[in-house]
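Notes follow once the structure below has been shown.
The values are calculated or read from the model by the stated rules, or taken from the named source; none is laboratory data. Note that the structure is a prediction, hence the values are computed from the model and not measured. Note that each Cβ is placed from the backbone with ideal geometry, even for glycine, and that neighbours are counted across all protein chains shown.
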Amino acid sequence: GVGFAVIFLSEYSSILFMSLIFSLTFLGADIFSILFFFKLTFISFIYIWVRGSLPRYRYDKLMYLTWKSFLPISLNFLIFFLGLKLLFLYNYFLLKI
């Protein structure tokens, strides 16, 4: 009933909002131009088309992918770039003395 309608409306308003942000950020246009609304409609169409074409992940597979793949990769990148930054800062201050 009403709960489904609210969730449905929030889902599609989220799609429109993300399309608006994408259009303003990457495609660039004035908000009050007709070209902006064409871009917004096009990005929304592409978003809905891709979402409808690709299969959904099962929740357990999504959790497995997150914990076993994305988390270790992101932590390794974090440690690597932190070490790289410390190395450059150390060499910069070492050579300055």
Legend entry - Of all residues making up segment 7-40, the number that are within 20 Å of ARG51 (Cβ to Cβ) and more than 15 Å from the chain's Cα centre (by Cα): 10
Legend entry - ILE21 being in the same structural domain as PHE8 (by TED's automatic domain parsing) and not in a helix (DSSP H, G or I): no
Legend entry - Every pair of residues 6+ apart whose Cβ atoms lie under 8 Å, when the first sits in segment 1-17 and is surrounded by 10 or more Cβ atoms within 10 Å (Cβ to Cβ) while the second is part of a helix (DSSP H, G or I) and hydrophobic (A, V, I, L, M, F, W, C): ILE15/ILE48; LEU16/LEU40
Inset, instruction - Could you grab me the full set of residues in segment 48-73 that are assigned to a helix (DSSP H, G or I), closer than 17 Å to GLU11 by Cβ and among the basic types (Lys, Arg)? - result: ARG51
